[in-house]
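Okay, so here's the structure we're looking at.
The values are calculated or read from the model by the stated rules, or taken from the named source; none is laboratory data. Just so it is clear, the structure is predicted and the values come from calculations on it, not from any experiment. Methodologically, a virtual Cβ is constructed for each residue, glycine included, from the backbone with ideal geometry; neighbour enumeration extends over all protein chains shown. Areas reflect the complete protein model, heavy atoms only, side chains present, ligands, DNA and RNA absent. Shrake-Rupley method; radii C 1.70, N 1.55, O 1.52, S 1.80 Å.
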Amino acid sequence: HDAAEDGTLLGDPISPGTVGGRAKVLHSPHEKPVLSGEILVARFTEPSWTPLFVNAAGVVMEIGGPMQHGAIIAREYGIPCVSGIEGVMGLIKDGDLLEVDGSSGTVKIIDEGDEKQDS
């Protein structure tokens, strides 16, 4: 996986647009809700994930090309999406402030989230 010196992660541009928001890292679609304006971060998505896209401001996926489920839904909903960031589940944590650029395929971690937000 490629990371620029400023912490920018490089992936594949899937759905155009730029958005900022807090990361919501999910391993399964029913793990926890995606709140309005949050960035959905997942290894990949399939049809059972579709309802999560309603609130998501952006989508970041580890695997999946332009014809993969999440990519198609992101374009349908007009949500910026970047895919192909290897190991993204270990690089981004819940609550990290991200800037997702689906036009250039970059995800920038602007600010690391507060680990204690659940307590």
Accessible-area order for HIS69, HIS27, largest to smallest, probe 1.4 angstrom, reads HIS27, HIS69
If the chain between SER104 and SER48 were fully extended at 0.36 nm per residue, the gain over the current Cα-Cα distance would be 17.4 nm
Everything considered on the Cα gyration tensor (a ≥ b ≥ c; rounded for a/c under 1.5, else prolate if a/b is larger than b/c, else oblate), segment 9-66 must be described as oblate
For segment 17-79, the per residue accessible area (1.4 Å probe, Å²) is 46 Å²
Expressed in Å to one decimal, the Kirkwood Rh of segment 44-105 from all distinct alpha-carbon pairs is 11.9 Å
Checked against the structure, the computed Kirkwood radius over Cα pairs in Å among (i) 14.0; (ii) 14.4; (iii) 13.6 is the one labelled (iii)
Exposed-loop cut sites defined as GluC sites (Glu not before Pro) in DSSP loop states with at most 14 other Cβ within 10 angstrom; longest site-free run of the chain spans 32-85
Relative contact order as a percentage, the chain, C-alpha pairs under 8 Å and 6+ apart, gives 34 percent
